[in-house]
Amino acid sequence: MIGRILDGLRKTREALSERVGGLFSRTTEADDSDLEALEEALLLADVGLDTIRVLLDRLPREARVDGRGLRETLLKRMAALWPPSPPAEGPPPAPWVQLVVGVNGVGKTTTIGKIASQRVKKGQKGLLAAGDTFRAAAADQLEIWARRAGAGVVRQKEGADPAAVAYDAVQAAVSRGLDFVLVDTAGRLHVKHNLMEELAKIQRVCRRALPGAPHQVTLVLDATTGQNGLSQARLFTEKVGVTDLVLTKLDGTAKGGIALSIAAELGVPIRLVGVGERVEDLVPFDPEEYVRGLLA
Ligand code: GDP
């Protein structure tokens, strides 16, 4: 598992290093034009401007005062963008109901398949709920992942009420004593308002089937969409109470800096990172490995 984030960040790291690598190995103090170069490089890696300001504000001075050098001081500041994660509290409820949201194409279905497969490998039993009822292909895709993972699937015919699918799945998992339910959802952002209403309804209905559910509302974001992804994330976190994020396609992008902006601006933890299309290409997010992967 170790090193997957590092691998995934290769393109981002190379682009950064090409622009500012020399800066970090120099012994003279960075001046304004160096900071401009650093700002530009971080912008190209898709770290947002507000976050860059926080990272670079009086950076050379701090680097001089604590004698760590520019790179280490910047790494320390980057790592400090993440709040410490709270300790786990007792065993999780069963079935654990996880709603997975995000716009079309970001990797929701793939991520659900990967999570299901990891859970099944740990000996858990569960169901995948095909809550994207607008495209029959989406449910077919989910079914393929379910079969591959060794999980069950709950689906209804195309055009059915997504909340009804989620309800059925949660009820079935409760009555069969299963460990988890992963609910896939539609992601047609051009009908923003309706989509948010629909997600809120799915949440209400899950709660009705099992008090306390959904226990997790996971937003999937595509790292290659950069700052655009961040505005999507804002919309979802405001409207549907997102508890955590999965950042996908970190393997294919030079814009991996987006995770810094997510940490600084959303305050929602990134739990997992997608680094490829295969089942095993979903790894826990480690802020330390991430920032070192950016500026190695
Ligand atoms: P959905 O519409 O949000 O359910 O997205 P899908 O799960 O169908 O994924 C869309 C595409 O992204 C598929 O071709 C996936 O194989 C691909 N994909 C998903 N996650 C990753 C990832 O972490 N890395 C890469 N390279 N591709 C991914």
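Side notes on the structure shown:
- For region 45-140, the solvent-accessible area with a 1.4 angstrom probe is 47 square angstrom per residue.
- Scalar couplings 3J(HN,Hα) for region 80-97, obtained by applying the Karplus form with A = 6.51, B = -1.76, C = 1.60 to θ = phi - 60°, are 6, 5, 8, x, x, 7, x, x, 5, 10, x, x, x, x, 10, x, 7, 9 Hz; x denotes Gly and Pro.
- Summarising the label geometry, the points placed 7 Å from Cα in the beta-carbon direction at Lys201 and Ala164 lie 1.1 nm from one another.
- The residues of region 151-218 expose on average 46 square angstrom of accessible surface per residue, using a 1.4 Å probe on protein heavy atoms.
- Percentage of interatomic Cα-Cα distances in the chain larger than 35 Å: 24 percent
- Antiparallel DSSP beta bridges within the chain, as percent of all bridges there, nearest 5: 10 percent
- With coordinates expressed along the principal axes, the C-alpha atoms belonging to region 12-130 extend over 59, 34, 25 Å, beginning with the largest.
- Using a Gaussian network model of the chain in which every pair of alpha carbons under 10 angstrom is joined by a spring, one finds that among Ala200, Ala146, Ala130 the greatest mean-square fluctuation is at Ala200.
- Pairs of Cα atoms in region 173-243 fall into 5 Å distance bins, from 0 up to the last occupied one, in shares of 3, 14, 24, 24, 16, 10, 6, 3, 0 percent.
- Globularity ratio of region 1-81, using Cα Rg and 2.2 N^0.38 Å: 1.09
- Just checking the listed ones, Ala116, Ala233, Ala63: in the Gaussian network model of the chain with Cα springs under 10 Å, the one fluctuating most is Ala63.
- Taking 25 Å as the limit for the C-alpha separation, the pairs Lys108/Lys255; Lys11/Lys239; Lys76/Lys121; Lys108/Lys201; Lys11/Lys108; Lys157/Lys201 exceed it in the case of Lys11/Lys239; Lys76/Lys121.
- For peptides 31-40, 169-178, sequence by mean Cβ density within 10 Å, most packed first: 169-178, 31-40
- If you bin all the Cα-Cα distances of region 238-296 at 10 Å, starting from zero, the percentages per bin are 21, 55, 23, 2.
- Rg [Å, one decimal], Dmax [Å, integer] - region 97-200, C-alpha atoms: 12.7, 39
- Reciprocal mean inverse distance between Cα atoms of region 66-121 - Kirkwood radius, Å: 15.6 Å
- The trypsin sites (Lys or Arg not before Pro) of region 231-296 that meet both conditions, a loop assignment by DSSP and at most 15 other Cβ atoms within 10 Å of the site Cβ, are Arg278.
- Of the solvent-accessible surface of the chain, computed with a 1.4 Å probe and all protein chains present, 50% belongs to carbon and sulfur.
- Diffusion coefficient, µm² s⁻¹, Stokes-Einstein with Kirkwood Rh over alpha-carbon pairs of region 190-296 at 25 °C and 0.890 mPa s: 165 µm²/s
- Applying a DSSP loop filter and a limit of 14 other Cβ atoms within 10 Å to the GluC sites (Glu not before Pro) in region 137-202 leaves Glu158.
- Extension gain, Arg234 back to Ser175 (0.36 nm per residue minus Cα-Cα distance, nm): 17.6 nm
The values are calculated or read from the model by the stated rules, or taken from the named source; none is laboratory data. All values reported here derive from a predicted model rather than from experimental measurement. No Cβ is skipped: glycine too gets one built from the backbone with ideal geometry, and neighbour counts run over all protein chains shown. When the accessible area is computed, the model is the full protein with side chains, heavy atoms only, and any ligands, DNA or RNA have been set aside. Shrake-Rupley method; radii C 1.70, N 1.55, O 1.52, S 1.80 Å.
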